[in-house]
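Let me begin by presenting the structure, written as C-alpha cells, before commenting on it.
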Amino acid sequence: MLIDSHCHLDRVDLTTHDNDFGCLMRACAASGVSRMLCVGIDLEAYPAMRRLVDPYPEVDVAVGVHPNEAGGEAPSVERLLELAADPRVVAIGETGLDYYRLEDGEASGQHARFRTHIAAARACGKPLIIHTRQARADTIRLLREEGAGAVGGVLHCFTEDWEMARAGLDLGFYVSFSGIITFKSAESLREVARQVPLDRLLIETDSPYLAPVPYRGKPNEPTYLQHVAACIADLRGLDVERLAEVIVDNYSRLFVVDD
Ligand SMILES: [Zn+2]
Ligand SMILES: [Zn+2]
C-alpha cells in the first residue's frame, strides 16, 4: 500500500478514466495507492476540490494558497483557520516561496503570505506543506523566524541540494520526492534521496504535473506513484513493500491520521 503525499486530484486528466472521478479513484486503489493527500492551490478552487474528494475517505486534504497564485482571495490567518477546522484537513499548504518566475517586487508579497500560512499552522497545530523553488535561503530563514519547527511539515517535490534538505530536517521537516527523481538528469537529487533519514522520507506524484519515467511529459496521476516508489526503494536498497511500510509510518506520524 502506497501513499501519495502530494497531488492535485481536481486537476487530474479524467479522459482515460471515462471522465469519471470515481473511476480514477478505483484505478488508484488498483495500482496500490491506498491514501492520497490532495493539496489546495488557491481559495477559489478549494470548495469544489473539497466537495470532489468528500465521498473518498482515503483522500486527506490540505488548504493553502500557492506562492505563484496571484489575483485571487488573499488568505488571512482567520480564513485559513476557518477552513482548517474541517477534520479532513490534515495540513496547511501548499505555501512557501517560488522565485523561478518572480516579477519585480513580488518577493515581499510571497514572504507575507508565507508568514500568514505559518502563523495559521501554528495556531491550529497542523503541519505545513512547503513549496520552494530557487528560494532556498529565504525559505529556511522564514521557517525559522516564524517558528515553523513547532508544527513541522514537509518540503514537497524536493529538488534542492543536501544543505537545504539538512536545514529542513534540522527544523523537524520531512522531505518528499516526486517523479523528478526518475529523470535521467537527476543524479544529484538521487544522491540527496540516498541521504535523507528513512524516518523522514515521503513520496508523491504532484499530479497532474511531473510524471515519472516512463510517462515523462504526459499528464500525471497517482497510479504512477509506483514508479517513484520503485526508484526510491532501489536507491535505498529496500524492496518496495518495505519502503511502503516506512512511508505509511512517516505519513501517519506527520499527518496524524486517525480512522
Ligand atoms: Zn508545489
Ligand atoms: Zn503541488
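For region 152-259, run through the trypsin sites (Lys or Arg not before Pro) and keep only the ones in DSSP coil with at most 10 other Cβ atoms within 10 Å of their Cβ. Those satisfying the criteria are K184.
Using only DSSP helix segments of four residues or longer, with each worth -39500 (n - 2.57), what per-residue ellipticity at 222 nm results for the chain after dividing by its residue count and rounding to 500?
Mean residue ellipticity, 222 nm, calculated: -12000 deg cm²/dmol.
Dimensions of region 45-158 from C-alpha coordinates, computed as largest minus smallest value along each principal axis and given longest first, are 41, 30, 27 Å.
The trypsin sites (Lys or Arg not before Pro) of region 1-45 include none that meets both conditions, a loop assignment by DSSP and at most 14 other Cβ atoms within 10 Å of the site Cβ. Taking the protein heavy atoms of the chain in the context of the full set of protein chains, the accessible area attributed to carbon and sulfur is 49 percent at 1.4 Å. Screening the chain for whole DSSP H helices of 27 Å or more along their axis (Cα) with average Kyte-Doolittle hydropathy at least -1.0 returns 106-124.
Loop-located chymotrypsin sites (Phe, Trp or Tyr not before Pro) in region 26-118 (DSSP state not H, G, I, E or B) with no more than 14 neighbouring Cβ atoms inside 10 Å: Y100.
Semi-axes of the equivalent ellipsoid for the chain, computed as √(5λ) from the eigenvalues of its C-alpha gyration tensor and ordered from largest down, come to 25, 22, 18 Å. Positive contributions from Lys and Arg (+1) and negative ones from Asp and Glu (-1), summed over other residues with Cβ under 9 Å from the Cβ of D42, come out at -3. Diffusion coefficient of region 191-259 by Stokes-Einstein, Kirkwood radius over Cα pairs, 20 °C, 1.002 mPa s: 167 µm²/s. Positive contributions from Lys and Arg (+1) and negative ones from Asp and Glu (-1), summed over other residues with Cβ under 12 Å from the Cβ of L102, come out at -3. About its Cα centre, the dipole of the chain is roughly 420 debye, where the only charges are +1 on Lys and Arg Cβ and -1 on Asp and Glu Cβ.
Quick check: convex hull of the Cα atoms in region 95-205, volume per residue, rounded to a whole Å³? Walk me through the numbers before you get to the answer.
Details: hull volume 10.9 nm³, N = 111.
About 98 Å³ per residue, rounded to a whole number.
Pairwise Cα separations in region 13-84 fall into 5 Å bins from 0 onward with the following percentages, short to long: 3, 14, 22, 22, 15, 12, 8, 3.
Database remark: amide H of H6 closer than 5 angstrom to the amide H of L37, T205, D206 (H placed geometrically; neighbours at sequence offset of 5 or more, or on other chains; Pro and chain starts carry no H). The fraction of all Cα pairs in region 147-207 landing in successive 5 Å bins from 0 to the largest distance is 4, 20, 32, 25, 13, 5, 2, 0, given as whole percents. Annotation for region 19-67 versus region 136-153: alpha-carbon center distance of 27 Å.
The values are calculated or read from the model by the stated rules, or taken from the named source; none is laboratory data. Predicted model, so just to flag it, every value in this text is computed and none were measured. So basically every Cβ, Gly included, is an ideal-geometry build from the backbone, and we count neighbours across all protein chains shown. Just the protein is used for accessible areas: all its heavy atoms, side chains included, with ligands, DNA and RNA removed. Shrake-Rupley method; radii C 1.70, N 1.55, O 1.52, S 1.80 Å.
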